[in-house]
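Novice: Provided herewith is a single structure, encoded as structure tokens, for subsequent inquiry.
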There are 4 protein chains.
Amino acid sequence: MLEELKARVCEANLELKRSGLVILTWGNVSGIDRDSGLVAIKPSGVSYEDMRPEHMVIVDLEGRVVEGEMRPSSDKLTHLVLYRDFPEIGGVAHTHSTYATAWAQACRPLPCYGTTHADNFRGEIPVTKRLSKKQLQGQYEFETGVAIVRAMEGLDPLHIPAVLVANHGPFTWGDSPGAAVENSIVLEQVAEMAWVSERLRTVYGDRFLKPIGRELQDKHFLRKHGKDAYYGQ
Amino acid sequence: MLEELKARVCEANLELKRSGLVILTWGNVSGIDRDSGLVAIKPSGVSYEDMRPEHMVIVDLEGRVVEGEMRPSSDKLTHLVLYRDFPEIGGVAHTHSTYATAWAQACRPLPCYGTTHADNFRGEIPVTKRLSKKQLQGQYEFETGVAIVRAMEGLDPLHIPAVLVANHGPFTWGDSPGAAVENSIVLEQVAEMAWVSERLRTVYGDRFLKPIGRELQDKHFLRKHGKDAYYGQ
Amino acid sequence: MLEELKARVCEANLELKRSGLVILTWGNVSGIDRDSGLVAIKPSGVSYEDMRPEHMVIVDLEGRVVEGEMRPSSDKLTHLVLYRDFPEIGGVAHTHSTYATAWAQACRPLPCYGTTHADNFRGEIPVTKRLSKKQLQGQYEFETGVAIVRAMEGLDPLHIPAVLVANHGPFTWGDSPGAAVENSIVLEQVAEMAWVSERLRTVYGDRFLKPIGRELQDKHFLRKHGKDAYYGQ
Amino acid sequence: MLEELKARVCEANLELKRSGLVILTWGNVSGIDRDSGLVAIKPSGVSYEDMRPEHMVIVDLEGRVVEGEMRPSSDKLTHLVLYRDFPEIGGVAHTHSTYATAWAQACRPLPCYGTTHADNFRGEIPVTKRLSKKQLQGQYEFETGVAIVRAMEGLDPLHIPAVLVANHGPFTWGDSPGAAVENSIVLEQVAEMAWVSERLRTVYGDRFLKPIGRELQDKHFLRKHGKDAYYGQ
């Protein structure tokens, strides 16, 4: 069932590997079929080397396995919270990519320091609150999803399709599994650039490098997104 | 038309990708035929994987599409300003390469800290002024070109074939599309080295690492450029 | 003899090279056959390019060569101390990977700043004491092993399967040669992330970035390890 | 003539490229035949892609071209000073590799912070003095060689087979062209590690990270070099 979705989810997982964002068996991507409410997700802890579409696991929005012989990603419940709360998204990706994870470890939101960021994200990437002891001991992956949703309050998920989970790493999403992975790629790139730029700032004696203004932010985001976009074909 | 130019522009765009300066569909290179005043430029937002010479778009210096089925790069107007104001150049390249962009995000000119820089650029790489709200809301890409030209005032474009656009990233140029790309490669390399070197400086207690002197700068630049050059064959 | 072990040890050494943790002839991996008490180890200073299983050297736990035409790794005695003191381990790996070695050079233990670390290591990675002049002039590689065992006092070697040897570099281990190499890969990754994260911390004015709490540490480690693990197949 | 030497010099140049130490046409390696006093060196500014042994240029120790259709490397005179002053060396390499060049740009000698450095270099890598205006305007490449020889005063060139030329970059050498390149590879690696380690030091509040002691330095260097070496086959 859902052969095309499984193929796209498998391909998006492999793209995660090819783009250098994950090592070993790390990371996971899923995609949703909104008609049936079913999600295809990478199996837990399997090698990317011989991953094929038929290995993807189909689960429903409550997390029950509907098809597949393998156990789904241990981060499954986090993905499902996002699909339930963000009805406009079609895919979710999770990595431990180096720079995005470093910002997450420092529990800092990622400021928008330039047009590379603005082209893809309409403002700062938020960081979640740390989970409480109780949340950690409860349904941990579900609580992680809830913390992400809270960090996104008041934001449009397709304008800010990424979040940093405190002490953990990034989750990204998009209108498709492939778009979710592309946002992971861009997030890692801008996380590195922001880190490098902040190290430069002290030369002028400023304490903080300032994020770019709203006008430049919007100019670039809206060049690529929305009805007046004029980037691409 | 202009088959040879389109082939060279396509190849220069592919070199941008191969050299690791761009990811996804980022970056763009163009080249000009000075006899006809026509420019070949990468189409906007297309994949590098199957890019071919016939995809290049031909535009005139006012930006009208003369040939090509795809929309030209959204940065087209910036390229055109440079061709109009710098009659000695034959190609323009734009990337969001990591270190050059980091300096641009910090709005800092790139100092010449060594012979690697001096071999290719005769002095500091300037940074543009930030665009005003009015410029951002006007013909943005045209205004970006104007800001570059202003930042280059008093400089020879073939001696300083690069600029950092504030909060954005680098533009480079050269006597051909390939030379423009080569300058992007060197700029990224020296931007990284300068960043690493500046982090070392505090060991001696100096506040700032000093740029090299004019004599060493000129010695190296003129080894490779101009009538007394003796580098190469 | 021990053909299967030699094949696995050879493959683990090659994986060290493929994963980019070693250059030239650096690094070494060994594996033990607990029934016979014999260890297969990489020969000293040989090229990875044409390394084959039959090149692995078999030594006993006192370091005597039992089979093989080449000289065993000069770090042999360090490996053997670990096999004698940690009966639960099956493989040992040693690299000079960039970030892990940088922490070792600074003689700092590696704090656990996030779940990437916690997934694989149950707490801080210890650093050994520096060797005394007497230890350096005695059986140096044996003394290195002793220093590692001391640094691990009170720790479960399969919960903290890595150590930083002061002024030198990392040793890792696991229940197999492949697991030892995987721990080297993860250690390098988290050493880099921790380094990047610590540079970010000063933005908030804190002097030190704080390690994550015990609950998050245990939650992640026990998701992947022990009887209640639910990561993987 | 000297076909074998030209083949080895060509191969060593290609290894420079493969190891990622040079981009474009940067870098150069030479080798000497001590019997004839003739040196084979890379031609100036040629592409690595189709470099072949017959392209190597043969020069005598005064710099006169003895064989070859191309112009020799513009750094030829620096190489020749080294061959004349260090009779024990057989090859010289020059790169602008990122970290070694960054230290050179900061005009700092590279301290020995660990065994990776000590395995290959018996102590700190010296940095030359800056050239005077007069030296820059004279025989620049010859003066660079003289500055290197001065920086090496009192040091054994095969114990410290590398130097950082102030504001420029590294030169390395060895008993063969291949050994010279290997020393360039190791130098870049330890230059990066030292840079990373120094950034860590401030955590303990120390102003400077201290180099390792003489005993550990000698232990490691002499494990690999000299009559009591026991590393390798």
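Novice: For the peptides B:179-186, C:50-57, C:5-12, what is the packing order when you average, over each peptide's residues, the other Cβ atoms within 10 Å and list the highest mean first?
Specialist: On the way: B:179-186: 24.2, C:50-57: 16.5, C:5-12: 22.4.
Put in order of decreasing packing, that is B:179-186, C:5-12, C:50-57.
Novice: Using θ = phi - 60° and the Karplus form 6.51 cos²θ - 1.76 cosθ + 1.60, what ³J(HN,Hα) does each residue of region A:81-97 get, whole Hz, x for Gly and Pro?
Specialist: 4, 5, 5, 6, 8, 10, x, 7, 9, x, x, 9, 10, 9, 9, 10, 4
Novice: Out of C:V39, D:P170, D:M70, whose Cα points farthest toward the positive end of the dipole of the protein assembly as shown (charges: +1 Lys, Arg; -1 Asp, Glu; placed on Cβ)?
Specialist: D:P170
Novice: Shifting gears a bit: Pick from C:L24, C:L82, C:L38: which is most flexible by mean-square fluctuation in a GNM of chain C where alpha carbon atoms under 10 Å apart are linked?
Specialist: The residue that fluctuates most here is C:L24.
Novice: With an 8 Å Cα cut-off and a minimum separation of 6 or more residues, compute the relative contact order for chain B in percent. Numbers along the way, then the final one.
Specialist: Numbers: 463 pairs, mean separation 49.4, N = 233.
With pairs under 8 Å counted, the relative contact order is 21 percent.
Novice: May I pose another question? Would you mind telling me the share, in percent, of accessible area of region A:2-222 contributed by carbon and sulfur at probe 1.4 angstrom? Present the calculation step by step, with values, prior to reporting the outcome.
Specialist: Numbers: 3820 of 7940 Å².
Carbon and sulfur atoms account for 48 percent of the accessible area of region A:2-222.
Novice: Under a Cβ-only charge scheme (Lys and Arg +1, Asp and Glu -1), can you give me the dipole magnitude of the protein assembly as shown about the Cα centre, in debye to the nearest 20?
Specialist: Details: 108 positive and 124 negative charges, 753 e Å.
For this selection, approximately 3620 debye.
Novice: Among D:121-134, C:128-141, D:100-113, how do they line up from the highest to the lowest mean number of other beta-carbon atoms within 10 Å?
Specialist: Numbers: D:121-134: 18.4, C:128-141: 15.4, D:100-113: 25.6.
For the peptides D:121-134, C:128-141, D:100-113, the packing ranking is D:100-113, D:121-134, C:128-141.
Novice: For chain D, just the Cα atoms, rotate onto the principal axes and tell me the three extents in Å, largest first.
Specialist: 58, 48, 34
Novice: Chains A and C: buried accessible surface, both sides, probe 1.4 Å, rounded to 100 Å²?
Specialist: Working: alone 11960 and 11970 Å², together 20760 Å².
For A against C, buried area totals roughly 3200 Å².
Novice: Apply the Karplus curve 6.51 cos²θ - 1.76 cosθ + 1.60, θ = phi - 60°, to the phi angles in region C:209-219 and return the couplings in whole Hz, x for Gly and Pro.
Specialist: 6, 8, x, 5, x, 4, 5, 5, 3, 5, 3
Novice: Follow-up. Mind listing the label-point distances from A:E3 to the same position on all other copies, shortest first, one decimal in nm, points 7 Å along Cα→Cβ?
Specialist: So the label point of A:E3 gives 4.3, 4.3, 6.1 nm to the other copies.
Novice: Residues of chain B: accessible area per residue at 1.4 Å, in Å²? Walk me through the numbers before you get to the answer.
Specialist: Working: 8800 Å² over 233 residues.
Normalised by residue count, the accessible surface of chain B is 38 Å².
Novice: Which ³J(HN,Hα) values, rounded to whole Hz and listed in residue order, are derived for region D:152-157 from phi using the Karplus coefficients 6.51, -1.76 and 1.60 in 6.51 cos²θ - 1.76 cosθ + 1.60 with θ = phi - 60°, glycine and proline given as x?
Specialist: Each residue of region D:152-157 in turn: 8, 3, x, 10, 7, x Hz.
Novice: If N is the number of residues in the protein assembly as shown, what value comes out of its Cα radius of gyration divided by 2.2 N^0.38 Å?
Specialist: Working: Rg = 28.6 Å, N = 932, 2.2 N^0.38 = 29.6 Å.
The reported ratio for this selection is 0.97.
Novice: In addition: Taking every pair of alpha-carbon atoms in region D:91-133, what share in percent sits in each 5 Å bin, from 0 to the bin with the longest distance?
Specialist: Going from the shortest bin to the longest, the percentages are 6, 18, 21, 30, 19, 4, 2, 1.
Novice: Considering the rotational relationship between chains B and A, which residue of chain B contributes the beta-carbon of minimal distance to the axis, and what is that distance to the nearest Å?
Specialist: Axis relating chain B to chain A; nearest Cβ residue and distance: B:R199, 5.
Novice: On to the next question. If each label sits 7 angstrom from Cα along the C-beta direction, how far apart, in nm, is A:K210 from its counterparts in the other copies?
Specialist: Taking the point 7 Å beyond Cα along Cα→Cβ, the inter-copy spacings are 3.2, 3.2, 4.5 nm.
Novice: Now, a different point. Shortest first and in nm with one decimal, please list how far the A:E49 label point sits from its counterparts in the other copies (point 7 Å along Cα→Cβ).
Specialist: 2.4, 2.4, 3.4
The values are calculated or read from the model by the stated rules, or taken from the named source; none is laboratory data. What you see is a predicted model, and the numbers here were worked out from it, not measured in a lab. Using ideal geometry, Cβ is built from the backbone for each residue, glycine included, and neighbour counts are taken over all protein chains shown. Accessible surface is based on the protein model in full, side chains and every heavy atom, while ligands, DNA and RNA are left aside. Shrake-Rupley method; radii C 1.70, N 1.55, O 1.52, S 1.80 Å.
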